[in-house]
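Here is the structure we will look at.
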Amino acid sequence: SGPRHLMSIADVSPAEFTSLVRNAAARKTAVKSTQPPLSLTTGLANKTVAMMFSKRSTRTRVSTEAAVTLMGGNPMFLGKDDIQLGVNESLYDTSVVISSMTSCMVARVGPHSDVADLAKHSSVPVINALSDDFHPLQTIADFLTIHEAFPASQSGSSSLGLEGLKVAWIGDSNNVLFDLAIGCVKMGVDISVASPNGYGIPQTMKDLINSAAQGVSSPGKLFETNVPEEAIKNADILVTDTWISMGQESEKKKRLEAFAGYQITNELAKRGGAKEGWKFMHCLPRHPEEVADEVFYSPRSLVFPEAENRLWAAVCESMSLIYRYMILISDVDL
Ligand code: CP
Ligand code: NVA
């Protein structure tokens with residue numbers, strides 16, 4: 001069998017996901033509390049990681065590139081004007097060629113089938129760095145952030161002890177939501193999604209999210225509504241993302257109209273009945289329409305630790321775990 005790939009959080013078991021988050025947390029603590037700072041693993045020494053980005057990126061590029069460097073490897077950034085990624089050459093040809101020269105591909109694409117095609121034909125692991133359908137590296141960082149903000153009520157090897165928490169997603173049903181929702185189901189966290197009519201979760205994606213419950217003893221549940229206040233009721237964490245994802249720029253006017261009333265404000269949170277100590281999360285980049293400054297820059301907001309956690313999610317143990325178990329497959333001791 002070929003290498004293992006990370007296309008979505010759907011690809012990792014609850015125990016593997018828990019291990020990725022715990023490892024990221026442990027490494028973050030160890031590096032930050034040691035003087036001089038611990039040197040990180042050399043797990044990627046002499047290895048080149050091709051970072052193929054057909055869209056802009058601040059956090060994913062910087063965190064992944066820094067993580068590979070910190071692990072002793074060489075990150076090779078290949079932007080959309082540098083290589084033939086889906087342009088002037090088939091993805092098959094690109095994948096076979098690049099995987100013959102590197103140890104891992106990290107790819108940011110439009111249609112999910114592009115990164116899936118790269119993975120299908122690659123002889124090395126492929127990590128999805130955002131497609132139109134999923135953003136798994138974001139979800140690992142988001143659960144590290146939740147784990148830090150809500151210390152475990154119980155501990156176990158196949159969950160983070162977050163059972164009983166409720167996340168409210170207010171806004172567009174997009175790539176970031178889909179993997180977050182899969183993570184929530186696997187970790188026993190309920191997730192309520194409020195999106196306007198026409199911007200809900202497609203049925204096939206809903207099926208995939210709900211199927212993440214298989215084999216989980218107390219899975220989180222997915223709820224959907226068109227009413228933000230309903231989703232917010234009793235939520236511990238309010239989350240949103242831009243209403244206009246990369247590639248949807250031409251729909252801006254239509255979307256701004258459709259999402260009117262969905263901006264996260266203190267007043268909306270209060271009206272909806274969020275829990276008293278509610279927190280706010282956003283993967284960034286942020287636009288002002290989806291969340292008011294009074295929330296985004298408030299003490300409730302976890303957005304900057306969440307962004308920093310992209311590094312810890314990508315670095316060292318967690319990244320090399322992804323890397324190792326994609327190469328060695330099945331029997332890595334997690
Ligand atoms: N959150 C995130 O993926 O940001 P970038 O698009 O800047 O990488
Ligand atoms: N939903 C956004 C996320 C960016 C990290 C987009 O796809 O543009």
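Below is a table of values for the structure above.
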| item | result |
| --- | --- |
| Output for the stretch 291-311, where each listed residue is more than 14 Å from ligand 1 (Cβ to nearest atom) and either within 24 Å of L137 (Cβ to Cβ) or assigned to a loop (DSSP other than H, G, I, E, B) (or both) | V291, A292, F296, Y297, S298, P299, R300, S301 |
| One residue from T94, T102 being in a loop (DSSP other than H, G, I, E, B) and more than 16 Å from ligand 2 (Cβ to nearest atom) | T102 |
| Residue identified as within 16 Å of ligand 1 (Cβ to nearest atom), of a type in the set (S, T, N, Q) and modelled with pLDDT of 95 or more among T225, T242 | T242 |
| So E230, is it open to solvent by 40 Å² or more (accessible area, probe 1.4 Å) and in a strand (DSSP E or B) | no |
| Where A116 falls short, out of the listed (1) in contact (Cβ under 8 Å) with a residue 60 or more places away in the chain; (2) closer than 27 Å to T242 by Cβ; (3) in contact with a helix residue (DSSP H, G or I) (Cβ under 6 Å, 6 or more places away or on another chain); (4) open to solvent by less than 50 Å² (accessible area, probe 1.4 Å) | (3) |
| Failed condition for L160, given (1) closer than 24 Å to G277 by Cβ; (2) away from ligand 2 (no atom under 15 Å from the Cβ); (3) touching a Gly at 6+ places or on another chain (Cβ under 8 Å) | (3) |
| Count - residues of the stretch 234-269 that are assigned to a helix (DSSP H, G or I), more than 16 Å from ligand 2 (Cβ to nearest atom) and not basic (K, R) | 5 |
| Residue in the stretch 161-173 that is touching a Phe, Trp or Tyr at 6+ places or on another chain (Cβ under 7 Å) and outside any loop (DSSP other than H, G, I, E, B) present | yes |
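The values are calculated or read from the model by the stated rules, or taken from the named source; none is laboratory data. All figures in this text were calculated on a predicted structure; none of them were measured in a lab. Note: ideal-geometry Cβ built from the backbone for every residue, glycine included; neighbour counts use all protein chains shown. All accessible areas refer to the heavy atoms of the entire protein, side chains included, with ligands and DNA or RNA removed. Shrake-Rupley method; radii C 1.70, N 1.55, O 1.52, S 1.80 Å.
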